[in-house]
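Please treat every number below as a calculation from the coordinates, not as lab data. Just so you know, these numbers come straight off a predicted model, no measurement behind them. A quick note on method: Cβ atoms are made from the backbone with ideal geometry, for glycine too, and the neighbour counts reach across all protein chains shown.
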Amino acid sequence: MAMVLAVAALTAGCSRRITRSGPPDLFGRVPAQRSASQGTSEARAAAAKKPQTPDEMLRELFRQQARGAFNPLTDDRRVRLFQTRLQLDPQDLAARLELAGIYESYRLYEEAFEHYSEALNLASQSAGTASAGTVSAPGSSLVGSKAQPMAEKAALGLARSARGAGRNSEAIPVLAAFVKRSPAASAWNELGLLYDETGDRAAAELAFRQALVLDPNSDRARNNLGYNLLLQNKPEAAEAEFRRALESNPKSATARNNLGVILAKRGDVEAARQQFRLAAADAATAHNNLAVVLLEMGEYERSREELVKALTARHYFAPALTNFKLVQGLLRQRTELITAGGRLPLNSAHIPPTLALAGPPEPPSSPEALGDEAGRRRAARVEQPVALDQPAAEREAGAESNVPNNPEDRP
């Protein structure tokens, strides 16, 4: 009889949501078990009565993401806060920029693009009104000195989100008009990235050079110019720009990796390995990145040797394991082709080039190997280094590399 009652109780319980004790708090205390409805109502009541600190809000976001129930459009309180501010005042430029930045951080590039566009219009209007000597609109709460930096922030965000959303052609005339009104090295650099995304190498080169006129010490613009020249099949000129970028910033992992690629393709593998090692966090990453370049050059055996070294340095290193499986498959494919036909066709076991613009994210993504987060890389997937402050890119399958994206695009 007791067993029957237990089964009946369990059966009845199946019609309700299962409740669990919550996770321990910062002091190791475990909340008492409660029903789902009770927990939800109490959480809402607590949120309404007691404002949360930024740290508490961040922890709550992480908890929701861990449960797989997080929707940034509805669950991020910052989004709701800035949406409310914009409903009350559509000309609140600061709120619009903050909301656009949040959308961009979640890789919601379409939403970010729209808000950055509107923010740029508002900032440009405020700056124009101030330059004409008239009073700004009451709702804008801006003066000319504040409007200009916010306009530049909006322009740069618009360019990044345009690359993430694939709206490069739409953003180019907007940014081109902005740099004519307000020349800035960072804006010219972003314009060059947009041109490179559309394949207009000549226009991109001019934009990067203009950025360097305004800021000769910009390692980012110098690196991006070098990458642009590399895409134009000018390796000597590209190498010179990468070396100059490293003179400005010896810690630029992107420029150092790009220099390593050129050296490897020239045949100076040892010098390339040194550059990859200086750029990477550890020896395994350096060997893996060199293996990717050798793989693209068709040097499958040498690529496998570097991957063995990477896996010796770090067992279960995911990119190296993926690349090792890939190179083994290519070696097997080549052997089968030679065995079947006696001769290996030139286009057999083709590896798409790694040196292509990467893009999203992601956003942008990361990043893919050796390219900017703004395009799509076909051959390599990268783990973004901490030094680069840019979103990771959505990537297609292929060789995995820890080489940072290039061109370099840090906000």
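Suppose R0 equals 51 Å. What FRET efficiency, 1/(1 + (r/R0)^6) with r the Cβ-Cβ distance, do residue 71 and residue 281 give to the nearest 0.05?
0.90
With a bin width of 10 angstrom, please list the P(r) values of region 179-318 as percents of all Cα-Cα pairs, from the 0 bin to the one holding the largest distance.
So the P(r) values, bin by bin, are 13, 36, 29, 16, 4, 0.
Normalised by the residues of region 219-289, what does the relative contact order come to in percent, with Cα pairs under 8 Å and at least six apart?
22
For region 151-255, what is the convex hull volume of the alpha-carbon atoms per residue, in Å³?
90
Of the listed pairs 265/309; 180/251; 234/265, which have alpha-carbon separations greater than 22 Å here?
Cα-Cα > 22 Å for 180/251; rest within.
As an exercise, use a Förster radius of 51 Å and the Cβ-Cβ distance of residue 83 and residue 268 to find the FRET efficiency, rounded to the nearest 0.05.
E between residue 83 and residue 268, to the nearest 0.05, is 0.40.
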